[in-house]
Amino acid sequence: MEGMVGIANAGLTFGGLVLAFFWKGEEALSPDLKKWLTGALKEARVSTPSTNWPQIFGHLFDRIFGVDAFRSKFVLMALLASVLSVSFFFFIYVINLPGFGASLLNDPFQRAAVMKRLLTTALFVNFVVDYLSIAYCREVVSQMEKSTKPTHIPLSHERF
């Protein structure tokens with residue numbers, strides 16, 4: 001029964017975090033885009049928004065992370081994303097193993113060993129992957145913003 005309660009708690013926690021993410025995302029949308037999304041979700045026929053999707057995404061990305069991958073804000077936001085993801089999955093792990101969570105609270109040696117492992121291995125590896133992925137995404141966004149036309153990819157039978 002404890003396993004079912006842990007899974008239910010993890011699901012509720014994940015659902016709450018996803019809901020909070022979408023509420024924050026909705027605050028950043030323009031009224032035209034909200035109207036178009038509402039109509040699309042209701043399967044109504046509304047015209048597409050006049051704003052450009054790559055520029056919307058680029059603007060949101062710039063507000064969150066910044067434009068330069070070597071600036072401190074970009075690195076700190078990537079680190080925050082890593083801390084949140086590692087914390088979220090560790091929290092789910094502790095919920096699913098309540099005995100492990102209780103032993104972490106009661107045994108300072110085990111708590112120190114687990115925190116050391118989380119900080120040195122899980123967080124570091126996750127941060128490196130997150131930073132590189134977000135920096136690459138920043139480059140893709142800048143390319144999308146520069147060119148609103150799709151680029152032509154030559155087929156194998158076409159000459160360069």
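Readers should treat all values here as calculations from the given coordinates under stated rules, not as data from a laboratory. Because the structure is predicted, anything quoted here is derived from the model rather than measured. Cβ atoms come from the backbone with ideal geometry, glycine included; neighbour counts cover every protein chain shown.
Structure notes:
- J(HN,Hα) series, the range 91-105, from Karplus relation 6.51 cos²θ - 1.76 cosθ + 1.60, nearest Hz, glycine and proline x: 4, 5, 4, 5, 5, 6, 10, x, x, 5, x, 5, 5, 5, 6
- Here the residues Tyr136, Tyr131, ranked from fewest to most Cβ neighbours within 10 Å of their Cβ, fall in the order Tyr136, Tyr131.
- Computed on the Cα trace of the range 52-147, the radius of gyration divided by the Kirkwood hydrodynamic radius gives Rg/Rh = 1.15.
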